[in-house]
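Asks: I have a structure here, written as structure tokens, and I will follow up with some questions on it.
Please treat every number below as a calculation from the coordinates, not as lab data. All values derive from a computational prediction rather than experimental measurement. Quick reminder, even Gly has a Cβ in these numbers, built from the backbone with ideal geometry, and neighbours come from all protein chains shown.
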Amino acid sequence: MSRGFRYFISFAVIFGMIVGAVACKKKIEAARSAEDPIRIGEFLSLTGATATFGISTRNGVELAVEEINAGGGVLGRKLKTIVLDDQGKPEEAATAVTKLINEDRVDVLIGEVASSLSLAAAPIAQAKGVPMISPSSTNPKVTAVGDHIFRICFIDPFQGAVMAQFASMTLKAKRAALLRDIRNDYSIGLADFFVEKFKKLGGEVAIDQSYSAGDVDFKAQLTAIKATKPDVIFVPGYYTEVGLVARQARELGITVPLLGGDGWASEKLTEIGGIAIAGSFFSDHCSMSDPNPVLQSFVKKYEAKFGSKPDALAALGYDSAMLVVDALKRADSLDKSAIRKALAETRDYQGITGLITMDAERNAVKSAVVMKVTADGNHEYVTTVQPN
Ligand code: PHE
């Protein structure tokens, strides 16, 4: 082969590759016609022991998406949600996010509720450059995964301090017992943050016990706790186990209030705990009895559509989707880095759960509410605590 011919062949091959690549890109762009919707991928627990977390969040997102689409969509396109059930399992959350990114080619991700699941999914979203918004994961490590990971809720150092302060100053508790879920990043972190603040306020930790998500018998731990005569028991777990803990605590003759965090926020809490959980307190993201008219209009729309009362997760789901729309408008583009940048630049966005401003760590700084479980199973608003 002459040298000239070899050059010609190389040139032809390279030219062919370029033409191919350009055609391929054109095809992808062409596939994204004006009618092609903006895809929001959701990965949530729709089944399993935390099913109400995923169902409420999905319903909230759905309401927002319906409203936006009824008004003509955003950037000339409709919104489309692709919702995958991760069953509340970290490995399923990772699988779901991989599928949403690789197969459904979503523009943005909403999920997860539980911190352990967000932590399993976030490294994938970060590596693939897809912005991910957790409506409600409160463990600090979640957004620390990288610059594509956001949340629209407060974090657990604040939530733990809110409940420690409530225990110490409002309930005048001196001795607290702890019962944490050691298979749950959220529970472990929140217990630690509670202890830190409770001790600062002069409180004493009487005993620190643990269980694993899925356990149904807490009698051994509760018997040990009872012997230390605490003033309160802090149980920063999810509603299924907390409901059972409450029942067994009362059966053992423990009468002091149980305290917890947002993981209690489910109508199932009293279904499981019954009267045993009445008189206990937990921190949450917002109260549905807040007279704020935008929140009340959401409550009405939610009840009309789903036939049940929304919880804080539904409201956070709604805010997550609405913030995506706001960021898309500001980005004026479907480019993921532009969407990421717009999300990072969120300042004073008026959500139904409060004002949302992303700090440098991509966390929202927001107030918390303390709620009381009443004898009729309702969650009654007690007080609001502002972030410092
Ligand atoms: N904050 C919890 C977590 O990080 C999840 C949660 C939020 C549960 C709000 C209920 C309500 O795991």
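Asks: How far apart, in nanometres, would the label points at E35 and A375 be if each is projected 7 angstrom from Cα along the Cα-to-Cβ direction?
Replies: 6.1 nm
Asks: For S289 and D208 in the same chain, what is the full-extension length gain: residue separation times 0.36 nm, less their Cα-Cα distance, in nm?
Replies: My answer for the length gained is 25.7 nm.
Asks: Whose amide H sits under 5 Å from the amide H of R180, counting only residues 5 or more places off or on another chain, with H placed in the peptide plane?
Replies: Q209, S210, Y211
Asks: Same structure, new question: L252 label point, 7 Å along Cα→Cβ, cut-off 14 Å on backbone N: hits in region 155-184?
Replies: 177-180
Asks: Please name which of Q221, T357, T52 has its Cα lying farthest along the dipole of the chain towards the positive end, using unit charges on Cβ (Lys, Arg +1; Asp, Glu -1) and the Cα centre as origin.
Replies: Most positive-ward Cα: T357.
Asks: Same structure again: At R0 = 35 Å, how high is the FRET efficiency between K174 and D348 if r is their beta carbon distance? Nearest 0.05 is fine.
Replies: Approximately 0.30, to the nearest 0.05.
Asks: Related question: Cα axis of helix 51-70 to longest principal axis of the chain: angle in degrees, 0 to 90, nearest 10?
Replies: With both axes taken from Cα atoms, the answer is about 50 degrees.
Asks: Using a Gaussian network model of the chain whose springs link C-alpha atoms within less than 10 Å, name the residue from E196, E91, E103 with the highest mean-square fluctuation.
Replies: In the Gaussian network model the winner is E103.
Asks: Taking only DSSP H segments of four or more residues, each worth -39500 (n - 2.57), what value at 222 nm results for the chain once the sum is divided by all its residues, to the nearest 500 deg cm²/dmol?
Replies: -14500 deg cm²/dmol
Asks: Select from R330, R362, R180 the residue whose mean-square fluctuation is largest in a Gaussian network model of the chain (Cα-Cα springs shorter than 10 Å).
Replies: R330
Asks: Further question on the same structure: Put +1 on the Cβ of every Lys and Arg and -1 on every Asp and Glu Cβ in the chain; which of F166, I38, I152 then has its Cα farthest towards the positive end of the dipole?
Replies: I38
Asks: Which residue fluctuates the most in the chain, going by a Gaussian network model with Cα springs under 10 Å, if the choices are T50, T143, T170?
Replies: In the Gaussian network model the winner is T170.
Asks: Let me ask something additional. Taking the Cα centre of region 248-339 as origin, work out the dipole magnitude from +1 charges on Lys and Arg Cβ and -1 charges on Asp and Glu Cβ, in debye rounded to 20.
Replies: Dipole about the Cα centre, nearest 20: 200 debye.
Asks: Kindly express, to the nearest 10 degrees and within the range 0 to 90, the angle between helix 239-251's C-alpha long axis and the longest C-alpha principal axis of the chain.
Replies: Rounded to the nearest ten degrees, it is 10.
Asks: Determine ³J(HN,Hα), in whole Hz, for all residues of region 361-366 in sequence, where each value follows from phi through the Karplus function 6.51 cos²θ - 1.76 cosθ + 1.60 and θ = phi - 60°; x replaces Gly and Pro.
Replies: 8, 6, 10, 8, 9, 9
Asks: Which distance in nm do the two modelled labels at E103 and A127 give, with both placed 7 Å along the Cα-to-Cβ direction?
Replies: 1.8 nm
Asks: Could you let me know the centre-to-centre spacing of region 69-97 and region 333-380, using Cα atoms, in angstrom?
Replies: Comparing the Cα centres of region 69-97 and region 333-380, I get a distance of 18 Å.
Asks: Let me ask something else about it. Rounded to the nearest Å, what's the spacing between the alpha carbon centres of region 107-129 and region 261-308? Just the number, please.
Replies: Between the Cα centre of region 107-129 and that of region 261-308, the gap is 26 Å.
Asks: Then there's this: For a footprinting-style exposure proxy, rank E251, E112, E42 by other Cβ within 10 Å, fewest first.
Replies: Sorted ascending by nearby Cβ count, the order is E251, E42, E112.
Asks: For each pair in K174/K372; K174/K219; K141/K226; K172/K309; K89/K229; K309/K372, compute the distance between the two Cα atoms and list the pairs where it is over 28 Å.
Replies: K141/K226; K172/K309; K89/K229
Asks: V232's amide H: which non-local residues (gap 5+, or another chain) put their own amide H closer than 5 Å, with H modeled 1.01 Å from N in plane and none for Pro or chain starts?
Replies: So V232 has HN proximity to R175, A177.
Asks: Please rank D217, D147, fewest neighbouring Cβ atoms within 10 Å first, as an exposure proxy.
Replies: D217, D147
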